[in-house]
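Written below as structure tokens is the structure these notes are about.
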Amino acid sequence: MKVGCIGLGRMGAGLCESLLRAGHQLTVYDVCLAAKERFAGRAALAQSARAASLASEAVVLSLPDAPAVEQVVGELMEGCVAGRLVIDTSTSLPETTVSLHKKLAEAGARFLDAPLAGTPEAARQGTLMVYVGGAPEALEAARPVLGSFAAQVRYMGGPGSGNVAKLVNNYLAIQYAVLYCEIFPLARAAGADVQALFGAIGQTGVACVPYRLYGEKIAAGEYPLSFSIDLAYKDLRYAAAMAPEAARALPLMQAGLARLAEARAEGMGGADLSQLACLAERQLGGKGDG
């Protein structure tokens, strides 16, 4: 299948590797020339998002936020999009998705919100889970593409439903991480062997994937980047935006947002989410050097 991929960051590049391995004819575009040139000789390098779309039957978007998605879809609509399938794997605002679905439908194109659950390595290996929102017939058309990088494809409902599911999932994962970034510095300040504590808690009912991912980093005091504080803040803001009364009705969400905002004000936006632990350690009187 002729597939265009727009956005070649850590996740987008991983998607491209899986799409190439699956045998799709790939055209890629990114505003960063170096990101695009990594695929020279293996994919066609487009000079614009619109050019990538015109060369493709299906277009996969992997972009940082809702404004970027709106901008790129606007560029695609400057050309002919009739008959094309646009698959947005970005974590975006559900209301943005609903709006773009209507615009593309009026132009004769199909649109799916298909945000991803998993890591860039899972994208490269083709083992992601995808939450899909949109028309069922569009999902059926997209299965050859989605199946290239996803081990599980979960249909969640109409336009925007995929992003609702992803934001709820990320809300849970982010809040778990914020909690771990408090409990381990607290235990360390109290004189506990944090490595031993991490191992012991890992054998109880509270152990889960976020616990292993973030807890291990905090216990070791090493913070390789997998998901930044900036991205966590964006996703939690998007989750809050789903409900007008969130500021009053969801105090835990507001506490998480406040903590992430505090870290960003300290210049930590590009750091891994687990590095919030360093902020807690400094405030508890420890080094917190990270």
Determine which member of the set S226, S148 is of a type in the set (G, A, S), closer than 20 Å to G118 by Cα, within 18 Å of the chain's Cα centre (by Cα) and assigned to a helix (DSSP H, G or I). S148
Return yes when L257 is exposed (fewer than 13 other Cβ atoms within 10 Å of the Cβ), within 22 Å of E281 (Cα to Cα) and touching a helix residue (DSSP H, G or I) at 6+ places or on another chain (Cβ under 7 Å) and no when it is not. no
Only residues that are in contact with a Leu (Cβ under 8 Å, 6 or more places away or on another chain) and open to solvent by less than 80 Å² (accessible area, probe 1.4 Å): list them for the stretch 232-249, please. A232, Y233, D235, L236, Y238, A239, A240, A241, M242, A243
Looking at (1) over 29 Å from L93 (Cα atoms); (2) at pLDDT below 95, can you tell me which one V209 breaks? (1)
Scan of the stretch 251-274 for residues that are of a type outside the set (A, V, I, L, M, F, W, C), within 26 Å of G191 (Cα to Cα) and touching a strand residue (DSSP E or B) at 6+ places or on another chain (Cβ under 9 Å), ordered by number: D272
Selection within the stretch 74-109 - in contact with a Gly (Cβ under 8 Å, 6 or more places away or on another chain) and of a type in the set (A, V, I, L, M, F, W, C): V81, A82, V98, A109
Of the conditions (1) in contact with an Asp or Glu (Cβ under 9 Å, 6 or more places away or on another chain); (2) basic (K, R); (3) surrounded by fewer than 18 Cβ atoms within 10 Å (Cβ to Cβ), the single one that R154 does not satisfy is (1)
Please name all residue pairs, on different chains or six or more residues apart, with Cβ atoms under 8 Å, provided the first residue is in the stretch 42-60 and is touching a residue at least 60 places away in the same chain (Cβ under 8 Å) and the second residue is hydroxyl-bearing (S, T, Y). V60/T89
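Could you please let me know if G286 is surrounded by fewer than 18 Cβ atoms within 10 Å (Cβ to Cβ), within 24 Å of P224 (Cβ to Cβ) and modelled with pLDDT under 95?
When the stated conditions are applied, G286 passes them.
With respect to E78, determine if the residue is within 23 Å of the chain's Cα centre (by Cα) and either surrounded by fewer than 18 Cβ atoms within 10 Å (Cβ to Cβ) or among the hydroxyl-bearing types (S, T, Y) (or both).
no
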Examine the stretch 189-206 for a residue that is part of a helix (DSSP H, G or I), open to solvent by less than 70 Å² (accessible area, probe 1.4 Å) and closer than 27 Å to T96 by Cβ, and state whether such a residue exists. no
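The values are calculated or read from the model by the stated rules, or taken from the named source; none is laboratory data. Because the structure is predicted, anything quoted here is derived from the model rather than measured. Note: ideal-geometry Cβ built from the backbone for every residue, glycine included; neighbour counts use all protein chains shown. Accessible surface is based on the protein model in full, side chains and every heavy atom, while ligands, DNA and RNA are left aside. Shrake-Rupley method; radii C 1.70, N 1.55, O 1.52, S 1.80 Å.
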